[in-house]
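This report refers to the structure that appears directly beneath it.
The values are calculated or read from the model by the stated rules, or taken from the named source; none is laboratory data. Nothing here was measured: the structure is a model prediction, and the numbers come from that model. All Cβ positions, glycine included, derive from the backbone under ideal geometry; neighbour counts span all protein chains shown.
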Amino acid sequence: MKSLRVVALVLGPTLGLSMSTDLFAGMGSTAFGPPLEFTVNTTEDTVDPNPGDGIAGAGGQVSLRAAVMESNAYACPGPVVIRAPGSGT
């Protein structure tokens, strides 16, 4: 039986969206556990040096590519949230 994984990409206003909804707010622990969350903090296109370890990126820098790589490799059947905040300008 295949497992189901929900992936949410929460984009900030810099990317042209004004969505500020926290999709999993109040969800707490589910049957799968709490959501796996990553926050993108660089516009550089870097890779995750060690996919599957639960840590996206390296040296505190998390690119969108590294967050997606980590969420794909991580052995977690639960939901994944990738936040890409913007400056609002």
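Before moving on, here are some points about what is shown:
- Failed item in (1) among the β-branched types (Val, Ile, Thr); (2) in contact with a Ser or Thr (Cβ under 7 Å, 6 or more places away or on another chain); (3) modelled with pLDDT of 50 or more, with Val10 passing the rest: (2)
- Region 67-88, residues that are within 12 Å of Gly52 (Cβ to Cβ) and without any contact (Cβ under 8 Å) to a residue 40 or more places away in the chain: Met69, Glu70, Asn72, Ala73, Tyr74, Ala75
- Region 51-71: number of residues that are loosely packed, with under 15 Cβ neighbours inside 10 Å and either part of a loop (DSSP other than H, G, I, E, B) or under 10 Å from the mean Cα position of the chain (by Cα) (or both): 5
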